[in-house]
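Student: The structure under discussion is supplied below as C-alpha cells; questions concerning it will follow.
Derivation of every value follows stated rules applied to the coordinates shown; laboratory data play no part. As the structure is a computational prediction, the values presented were derived from the model and not from experiment. Because the Cβ atoms are built from the backbone with ideal geometry, glycine has one as well, and the counts that use them run over all protein chains shown.
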Amino acid sequence: MWEKFKKICSHIDTFLDQSGTVLIVIGGAAVTLTVVLQVVLRYIFKTPLFGLEEFSRLIAVWVYFLGAIFGIKLDSHVQGDVAGLLFNTPRSRSVIKTITWCLSLLLCLFFLYHSTKYSIWLYGTGERTTGLWWPRIMSVGSMFFGAIFMTVYSIANFIKYLKQMVTQSREILGGEL
C-alpha cells in the first residue's frame with residue numbers, strides 16, 4: 001500500500017515538475033515580450049497599449065511563486081551556509097539541515113495560514129484590478145498556490161533530512177539507536 005502511494009506521489013510530482021517548468025518558460029517569455037512591446041509602443045510609437053502592464057504583472061507574480069516552489073523543492077533557495085562550514089561531519093550537517101528545514105516548514109505554514117486567510121477575504125470582497133477589472137484573486141491566488149506547494153515540499157525536505165540524521169546517528173552508535 002505504501003509503495004503504491006509513493007508511486008502515485010512520484011507521478012504527480014513529475015507532472016507538476018514538467019508543468020511548472022513549461023509554465024515558467026512560457027511565463028518568462030511572455031513577461032519579456034509584453035515589456036518589450038509596451039516600451040516599443042510607448043516610446044517609439046507614442047501609443048501605449050492599455051492593460052499590458054497589468055497583464056505582465058499578473059504573469060510575473062505567478063512565475064515568481066512557481067520559482068519559489070522550485071527553489072524549495074530542489075533545496076536551491078538562498079541560504080546562509082556559514083554553519084555548514086563550521087561543522088565538518090556528515091551527521092552535524094544533516095542536523096543543521098534538519099533544523100533549517102524545520103524552521104523553513106514553520107515559516108511556510110505561517111505563510112500558508114496568512115495567504116489562505118487573505119485569499120478567502122479577497123475572494124469574498126470580489127475586488128477587481130484598477131485597469132482591466134480582473135478579479136484580484138487571479139494574482140493573489142498565486143500566493144496561496146505557492147504557499148501550499150512550498151509547505152508540501154518543506155515537509156518532504158524536512159523528512160528527508162530527518163531520516164538522514166537518524167540514519168547517521170544509528171551508524172555512529174553502531175545501530176543501537
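Student: Dipole size in debye (nearest 20) for the chain around its Cα centre, Lys and Arg Cβ +1, Asp and Glu Cβ -1? Spell out each step's value before the answer.
Tutor: Details: 16 positive and 10 negative charges, 17 e Å.
It comes to approximately 80 debye.
Student: Return P(r) of the chain (all Cα-Cα pairs; 5 Å bins starting at 0; whole %; ordered from short to long distances).
Tutor: Answer for the chain: a P(r) of 1, 7, 11, 14, 14, 14, 12, 9, 6, 5, 3, 2, 1, 0, 0, 0 percent.
Student: In a GNM of the chain with a 10 Å cut-off on Cα contacts, which of Ile99, Ile12, Ile69 has the highest mean-square fluctuation?
Tutor: Answer for the Gaussian network model of the chain: Ile12.
Student: If you stretched the chain out fully between Val166 and Val36, how much longer would it get, using 0.36 nm times the residue separation minus the C-alpha to C-alpha distance?
Tutor: Full extension of this stretch gives 41.6 nm more.
Student: Looking at Ile24, Ile59, Phe110, which one has the Cα that reaches farthest to the positive end of the dipole of segment 1-144 (charges on Cβ: Lys, Arg +1; Asp, Glu -1)?
Tutor: Phe110
Student: Further, regarding this structure: Of Leu162, Leu16, Leu52, which has the largest mean-square fluctuation in a 10 Å C-alpha GNM of the chain?
Tutor: Evaluated over the chain, the most mobile residue of the options is Leu16.
Student: Please compute the length gained on full extension between Leu85 and Thr129, using 0.36 nm multiplied by the number of residues separating them and subtracting their Cα-Cα distance.
Tutor: Length gained, Leu85 through Thr129: 11.1 nm.
Student: Between the helical axis of 137-172 and the dominant principal axis of the chain, each derived from Cα atoms, what acute angle in degrees is found, rounded to the nearest 10?
Tutor: So the helix axis and the longest Cα principal axis differ by about 10 degrees.
Student: For segment 15-85, run through the chymotrypsin sites (Phe, Trp or Tyr not before Pro) and keep only the ones in DSSP coil with at most 14 other Cβ atoms within 10 Å of their Cβ.
Tutor: Working: sites: Phe15, Tyr43, Phe45, Phe50, Phe55, Trp62, Tyr64, Phe65, Phe70; in loops: Phe45, Phe50.
Here the sparse-neighbourhood loop sites are Phe45, Phe50.
Student: Filter the chymotrypsin sites (Phe, Trp or Tyr not before Pro) in segment 85-152 to those in DSSP coil with at most 16 other Cβ atoms within 10 Å of their Cβ, and list the result.
Tutor: Phe87, Trp133
Student: Right, next: Report the trypsin sites (Lys or Arg not before Pro) located in segment 14-58 that are in a DSSP loop and have at most 12 other Cβ atoms inside 10 Å of their Cβ, or state none.
Tutor: Lys46
Student: Another one. Using a Gaussian network model of the chain with C-alpha springs under 10 Å, which one of Leu23, Leu105, Leu85 is most mobile by mean-square fluctuation?
Tutor: Leu85
Student: Pairing the Cα long axis of helix 52-73 with the longest principal axis of the chain, what angle in degrees results, from 0 to 90 and rounded to the nearest 10?
Tutor: That helix lies at roughly 10 degrees to the long axis.
Student: Can you tell me the orientation of helix 90-125 relative to the chain, as the angle in degrees between its alpha-carbon axis and the longest Cα principal axis, to the nearest 10?
Tutor: The answer is roughly 30 degrees.
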